[in-house]
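**Q** This is the structure I want to talk about, given as structure tokens.
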Amino acid sequence: MAWLANVGVGTRLIVSYVLLALVGGVISTVGVVITAKMNDRAASMYARDLLGLKVSAAALSAAIYSDRAVRSAMLADDDDTRAQSLLQARRYRDEERTDLAEALRRLDLREEKDRKLAIVAKLAASDYDRAFDQIVAVIAGAKSGDNREARALLFSDFGDAIGPVDEALRALVGWSTRSAERSAAETAKFYSLSRVAQVSLTIAGIMLSLALGILISRSIMRPLAEAVAVADAVAQGDLSHAPQSAGQDELARLQDALARMVVNLRTVVQRVRVGVDSVATASREIAAGNQDLSSRTEQQAGSLQQTVASMEQIAGAVAQSSASAHQANSLASTVSATADRSGLAVGDVVRTMAEITASSRRMAEIIGVIDGIAFQTNILALNAAVEAARAGAHGRGFAVVAAEVRNLAQRCAQAAQEIKCLISHSTGRIEKGAQTVSAARDTLHELVAQVQRVTELLGEVARASAEQNSDIGQVNQAVAQLDRVTQQNAGLVEQGSAAARSLQAQADELAASVAMFRISASAFA
């Protein structure tokens, strides 16, 4: 049995299948040969014995019918009946010849008695043919009712010839019958021997199959039983035993693989136990850290919510400041426009005052001319008065006129002087007003420039407020996003804490699962 363990399982099965196929082939071949032999015997018995018996019996019947037909022809009252009977007699005689020749052809002439039987049958048939031809010729040539010669032949030559033919044909029938009986007996004997041989071969094949099956099954089942026992032990957590392999077949390799599996499982279980302890410790630490992180994250989330509220207040204040800056910018723009219009109006006033000053100066010049004319008129009146005084009485009226002219000239000069004083005073005021208006224009120009600068500054303040509002909005969004992220982080921390607790529970379950494995103390010694 030890040598069988070095033969592969596939080789064993193939060899057993080949042997079983050979045994089955031998049994089938023997059965086919036996069947062929029995078929040959049956064909021989049919061709030689049964057909020989058939043609022998047919020849005997034909001889009997031929004899009857001859007798009927001999006793016929008319020529037609006689001719018909003779025709039947010849036909039966021809059948008897054919069947006899066939029976003699099928006769086994290997034995002496069979050869003698054939010779006797041929001689009897020859004598019968001569006697038949003779009596048929006599009957055919005889007149109606004249059968004396035929009757004489019937009881002499024909009667003497028909007896040996009948005996020979009966002997052939008997021989065919006995030959058929012998063939049947031989066939039965051959069948018995064949059945015994086939049954013996079948029993031998069954015994060989059982022996091979038991041998191969034992060579396979023992290692398989050991492997199953080790697998059951491993399934129950017992890793203290490993199978011992013997041989080099597939089952030995299976046992070696199981042994390596057990050793590897021992190593894995040992490492898993150590790893489970480490995982349990780490999961507890992770759970504690996650709990602490969760509380801190919640505090951070609260602070972020407060920050979000503060940023919203700041955003509102900045938005209000931006709106106020926009309003101030609008007002400054309005004031700048008003100042521009005032500057334009002051410019118009300055121009008007300049025109008035020019007109006053022109009036002063005109008054000066009038004053000069009045002075000259006064001098002329004075000269006229002097000349009138010189003229005496003739010049008295002219003197009066000259005096009146002089008075008018003096009054005109005095009025012109007063007008000149008024114009001078007005011109001074106009010039002072023009200077004041010019100063006001310059002041308005400075005011317009300052208002424009204020407008620009307010525009910059408004833009800065808008940018600050946008930045604060972005900061607010970032803080809100940070708040959401913090909330998500809090959720993730909670999930991490739950995962750590689940990991700890799974580690405990894994430790409980690994605890079922039993490892011998010497396994890792």
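**Q** Kindly indicate the residue of region 261-296 that is within 30 Å of Val234 (Cβ to Cβ) and charged (D, E, K, R) and also modelled with the highest pLDDT among those meeting that condition.
**A** If we take residues in region 261-296 being within 30 Å of Val234 (Cβ to Cβ) and charged (D, E, K, R), then Arg271 is modelled with the highest pLDDT.
**Q** Pairs needed: first member in region 373-392, in the same structural domain as Ala409 (by TED's automatic domain parsing); second member anywhere, modelled with pLDDT under 80 and not in a helix (DSSP H, G or I); C-beta distance under 7 Å; at least 6 residues apart or different chains.
**A** Glu387/Gly395; Ala388/Gly395; Ala389/Gly395
**Q** Please pick out the residue among Arg484, Arg501 that is surrounded by 14 or more Cβ atoms within 10 Å (Cβ to Cβ) and either among the hydrophobic types (A, V, I, L, M, F, W, C) or at pLDDT 70 or above (or both).
**A** Working: Arg484 fails: surrounded by 14 or more Cβ atoms within 10 Å (Cβ to Cβ).
Criteria check complete, one pass: Arg501.
**Q** Exactly one of (1) of a type outside the set (A, V, I, L, M); (2) at pLDDT 70 or above; (3) more than 18 Å from Ser359 (Cβ to Cβ) is unmet by Ser465. Its number?
**A** All conditions pass for Ser465, except number (2).
**Q** Among the residues of region 35-46, which ones are modelled with pLDDT under 70 and either surrounded by 14 or more Cβ atoms within 10 Å (Cβ to Cβ) or not acidic (Asp, Glu) (or both)?
**A** Lys37, Met38, Asn39, Arg41, Ala42, Ala43, Ser44, Met45, Tyr46
**Q** Continuing with this model, one more query. Would you confirm, using the coordinates I've provided, whether Asn489 is modelled with pLDDT under 75, more than 30 Å from Gln236 (Cβ to Cβ) and surrounded by fewer than 18 Cβ atoms within 10 Å (Cβ to Cβ)?
**A** Taking the combined requirement at face value, the residue satisfies it.
The values are calculated or read from the model by the stated rules, or taken from the named source; none is laboratory data. Because the structure is predicted, anything quoted here is derived from the model rather than measured. In this analysis, Cβ positions are derived from the backbone assuming ideal geometry, glycine residues included, and neighbour counts consider all displayed protein chains.
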